[in-house]
Amino acid sequence: MRGLTRCVAGLLWTALLCSAQVIITEFPIPTPASAPVGITAGPDGNLWFTETSVDAIGRITPAGVVMEFSTGITPGSMPYEITAGPDGNLWFTESNANQIGRITPAGVVKEFPLPTGTTPIGITAGPDGNLWFAEESGAIGRITTAGVVTAEFSAGITPGSEPYGITAGPDGNLWFTELNAFNIGRITTTGTVTEFPYGSIGSDTAVSIAAGPDGNLWFTEFLGDKIGQITPTGTVIEFTAGISPGSFPYGITAGPDGNLWFAEFGGSRIAQITLAGAIKEFSAGISPGSSPSDITTGPDGNLWFTENTGDRIGRAILSTDAYQISYAANLDKGDSFANLTSAGTASGSDQSQICADVYVFAHDQQLIACCSCPLTPNHLSVLSTKNDLIIKPLTPGTPTDVTIALVGSTNCDASAVNSANLTGGLRAWRTTLHALPSGGFGVTENAFSRVQASPSELSKLAAFCGFIQANGSGFGICNACRPGAQGATRE
């Protein structure tokens with residue numbers, strides 16, 4: 001089967017650059033021309049996003065089910081950015097109505113007016129228990145969870161700079177971008193502002209900003225096709241190598257893999273940047289011309305992003321353990337075993353059960369058996385190659401060697417695996433027999449090799465297994481897992 005590529009652990013392993021196996025799935029928003037922009041992880045385990053053109057807030061579950069809320073939102077208000085508040089609600093800016101909105105996880109909306117002409121854009125939860133927002137008019141605002149605007153700070157901000165994105169920094173301050181002044185701003189919780197210049201005036205234009213896992217702030221430069229890094233003391237480094245021209249990077253977030261990820265509005269891509277500045281772009285699975293905008297890490301451990309002109313929400317699963325492959329040899333001399341367990345994390349979130357979808361190939365690449373094995377965290381299960389996997393192979397005869405492919409999924413049906421139900425957390429080892437120089441056979445045990453597979457490869461696996469289930473008359477269906485573990489046996 002083509003499409004499987006060995007993911008070799010090496011010098012770049014800590015950044016998942018083997019190379020950040022990314023499976024992207026798009027979920028359509030029911031309302032057309034909704035123009036989603038902001039997205040954030042909610043306290044309810046879902047993702048919440050803004051729909052700027054239809055004055056609504058959307059909610060999408062990790063399974064991709066979308067619900068939209070518009071009741072209570074002022075028509076023409078253009079909800080823009082959104083964040084989770086310290087009060088268990090979601091807070092969003094209404095850029096065209098000069099209001100801050102609050103929506104409960106149940107969908108109840110309340111709006112809080114701001115002075116006319118403030119044009120709020122970015123919003124974030126502050127370290128002081130309040131919400132902080134950037135006003136394009138030239139100020140940083142603060143609002144309590146009760147909806148009281150307690151301050152709008154403009155002193156120290158360059159006139160006409162248009163503050164845009166904002167985030168809480170690792171230093172206990174708030175950090176913001178200035179769209180039109182080529183500064184990154186820092187504001188204390190008492191309102192003291194310091195500006196730090198960056199880039200080339202007139203060509204870079206910082207938009208979004210996020211705290212990184214390295215204790216620095218990272219920001220996108222929309223017009224300059226750059227990613228910037230700024231330390232809490234104001235030292236700026238810019239990275240551009242690896243970003244395609246005309247990408248227009250917009251949203252940025254700390255990823256689940258210890259790197260930063262950003263959306264490329266002009267390139268219909270998302271991209272990863274390591275803490276050392278190495279950049280890799282990903283486009284497979286993203287519709288051309290969809291304009292990825294904001295991006296965040298979800299409560300399920302995956303990346304989620306808005307597609308502004310595509311009217312879709314994208315999900316990117318990062319995994320180096322969803323696909324695994326190994327082999328069993330010399331089966332005419334004895335049996336081999338696969339020992340399986342769940343690490344207790346499915347796509348980064350604790351789960352009670354995952355499944356190992358199992359596919360067994362003869363040496364001529366024919367799929368001769370498939371099945372599924374449910375796994376609970378830290379529960380050990382075993383599959384005998386001879387007595388479980390190939391006890392009734394689809395093709396005549398009993399092979400003396402096989403390739404075994406495993407796919408971690410949330411759906412215990414090997415004929416239905418796809419990129420939408422992949423999951424992490426699968427751990428597997430196999431034993432097999434090898435001829436010894438001195439004669440006879442010895443037992444070896446190794447972990448399954450982690451691999452990469454394309455969506456088309458998953459489709460082939462599912463289709464071939466479905467054919468076996470429908471037409472094999474019971475042949476080609478391997479036995480279920482049994483509790484315990486076992487090593488190879490010789491006959």
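The values are calculated or read from the model by the stated rules, or taken from the named source; none is laboratory data. This one's a predicted model, so the numbers in the text were calculated from it and none came from an experiment. Note that each Cβ is placed from the backbone with ideal geometry, even for glycine, and that neighbours are counted across all protein chains shown. When the accessible area is computed, the model is the full protein with side chains, heavy atoms only, and any ligands, DNA or RNA have been set aside. Shrake-Rupley method; radii C 1.70, N 1.55, O 1.52, S 1.80 Å.
All conditions but one from (1) open to solvent by less than 30 Å² (accessible area, probe 1.4 Å); (2) hydrophobic (A, V, I, L, M, F, W, C); (3) modelled with pLDDT of 95 or more; (4) on the phi < 0 side of the Ramachandran plot apply to ALA35; the one that does not is (4). Close Cβ contacts (under 7 Å, 6 or more residues apart or on different chains) running from residues in segment 127-142 that are closer than 16 Å to GLY101 by Cα to residues that are among the hydroxyl-bearing types (Ser, Thr, Tyr) and surrounded by fewer than 21 Cβ atoms within 10 Å (Cβ to Cβ) comprise ASN130/THR144; ARG142/THR150.
For (1) over 21 Å from THR118 (Cα atoms); (2) surrounded by 15 or more Cβ atoms within 10 Å (Cβ to Cβ); (3) at pLDDT below 95, each residue gets a yes or a no:
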residue: LEU179; (1), (2), (3): no, yes, yes
residue: ILE187; (1), (2), (3): no, yes, no
residue: THR192; (1), (2), (3): no, no, no
residue: GLU195; (1), (2), (3): no, yes, no
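The combined condition, being at pLDDT below 95 and either open to solvent by 20 Å² or more (accessible area, probe 1.4 Å) or within 23 Å of GLU264 (Cα to Cα) (or both), is fulfilled by TRP13. Could we say that SER342 is within 27 Å of the chain's Cα centre (by Cα), in contact (Cβ under 8 Å) with a residue 60 or more places away in the chain, buried (at least 19 other Cβ atoms within 10 Å of the Cβ) and within 30 Å of PRO256 (Cβ to Cβ) here? In short, yes.
Residue count for segment 424-446, restricted to those that are more than 24 Å from the chain's Cα centre (by Cα), open to solvent by less than 60 Å² (accessible area, probe 1.4 Å) and of a type in the set (A, V, I, L, M, F, W, C): 2. When you look at PHE153, is it touching a residue at least 40 places away in the same chain (Cβ under 8 Å), closer than 18 Å to ALA41 by Cα and out of contact with any His (no Cβ under 9 Å at 6 or more places or on another chain), yes or no? Taking the combined requirement at face value, the residue does not satisfy it. Within the set GLY185, GLY172, the sole residue that is touching a residue at least 12 places away in the same chain (Cβ under 8 Å) and at positive phi turns out to be GLY172. Just name the residue that is nearest to PRO75 (Cα to Cα) out of those in segment 88-116 that are open to solvent by 40 Å² or more (accessible area, probe 1.4 Å) and over 25 Å from the mean Cα position of the chain (by Cα). By that ranking, first place goes to ASN96. Test THR61 against the criterion of being farther than 21 Å from THR297 by Cα and either open to solvent by 30 Å² or more (accessible area, probe 1.4 Å) or in contact (Cβ under 8 Å) with a residue 40 or more places away in the chain (or both), and give yes or no. For THR61, the condition - farther than 21 Å from THR297 by Cα and either open to solvent by 30 Å² or more (accessible area, probe 1.4 Å) or in contact (Cβ under 8 Å) with a residue 40 or more places away in the chain (or both) - is not met. How about segment 441-467: which of its residues are in contact (Cβ under 8 Å) with a residue 60 or more places away in the chain and of a type in the set (Val, Ile, Thr)? Passing the criteria: only VAL451. Return yes or no: is SER415 in a loop (DSSP other than H, G, I, E, B) and either surrounded by fewer than 19 Cβ atoms within 10 Å (Cβ to Cβ) or of a type in the set (Gly, Ala, Ser) (or both)? It is true that SER415 is in a loop (DSSP other than H, G, I, E, B) and either surrounded by fewer than 19 Cβ atoms within 10 Å (Cβ to Cβ) or of a type in the set (Gly, Ala, Ser) (or both).
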